[in-house]
């Protein structure tokens, strides 16, 4: 099939791209030009935490455009100041500065720069089953298939294994203790690479697009202790997990550990504007009181993006969105467990908050049938047959009735694609 669109589609060969035309949406649903109304169980690209058609965010953008629509990196205006203050309060005690970016990849790029500037070190540690962005530095951190075609990238990145132990793969839930030592591997790697040569460790609280692997309760504290012992910084990549996706404002807060930097995007403005940020702890930020922060962007903290993000933060607060995610998380797992029990192929379920994965041992043909069945039922989620996962990340405004209805409809599609258990 030829592609006659005048632009590129991402992450695909152009002659196999599957395009669809969005026309609008409301809450957990979006509409397409062919008249379809889809239940969005994947928040498009994991960013629509607030939901579709949130007019109050649109109106905030319009008001800001009328008041101030152009800015400069060193400008100060109310939306920028209040947004930064809210983010610092959300991050918790000790965080003192925000560096705004256009998205998640740029947030990680600038966290790399800050880590190298502060520590004077080159190396960084990330995990194999991870995604940190598509720009060259963030892609060097990334552990999945998207890195290899563009190597060599920036030097100094070392990858380690993540929490894909057998117990996780058989349905790990928060509270389980892993009998493997993946958390200690980061400390051992620092020593093997040369003590006090690592600038920072970049990890997602829960790897999202790469399988929703839930760490055991000792993982984050172990990594924090390893960073402290070596003098390396710890960066929590919250681009996907932030803003209630896994039931807390930020995912690392599940494990009572304080990182040195937090990178954010996606749910920050819920996709209504292009904005990201690095939230920086005072123990790192104070370095730049007397040293030059060699980072900058033309569209740093664009006024309309700040307005969109600020209104999104207010919406989360007004609707108790993070609490909704925590409350509906067990419902999502319960319904996916029921699906796993019905299908003919072995399948594992794992998740936290409104982020979960079903991992069936299915063939390529079965995955293709699942995609066809989902399209028939107008269900949108992240299905990846190569990695063997169906990942769910619905908008946080989804109702329990919509969630149950959606997962049960998915279950019907899964039985049709994978067969029914005898």
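Read-outs throughout are calculated quantities, based only on the coordinates presented, and are distinct from any laboratory measurement. Note that the structure is predicted; figures quoted are calculated from it, not measured. Here the Cβ positions follow ideal geometry from the backbone for every residue, glycine too, while neighbour counts run over all protein chains shown.
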Check: What is the distance, in nm, between label points placed 7 Å from the Cα along the Cα-to-Cβ direction at residue 384 and at residue 85?
Finding: 4.0 nm
Check: If you rank 227, 69, 306 by fewest surrounding Cβ atoms within 10 Å, what's the result?
Finding: 69, 227, 306
Next item on the list: Can you pull a Stokes-Einstein diffusion coefficient for the chain at 4 °C (1.567 mPa s), Rh from Kirkwood over Cα pairs, as a whole number of µm²/s?
Entry: 59 µm²/s
Check: Along the Cα-to-Cβ line of residue 4, 7 Å from the Cα, sits a label point; which residues in the range 24-43 have backbone N less than 19 Å from it?
Finding: 33-34
Check: If you take every DSSP beta bridge whose two residues both sit in the range 57-319, what share of them, in percent to the nearest 5, is antiparallel?
Finding: 40 percent
Margin query: Suppose only helical runs count, i.e. DSSP H with n ≥ 4. What mean residue ellipticity at 222 nm does that imply for the chain under -39500 (n - 2.57) per run, divided by all residues and rounded to the nearest 500 deg cm²/dmol?
Written below: -11500 deg cm²/dmol
Item checked: Spatial separation of Cα centroids for the range 330-360 and the range 53-112, in angstrom -> 36 Å
Notebook entry, point to check: Relative contact order of the chain: what whole-number percent is it, with Cα pairs under 8 angstrom and at least 6 residues apart?
Noted result: 22 percent
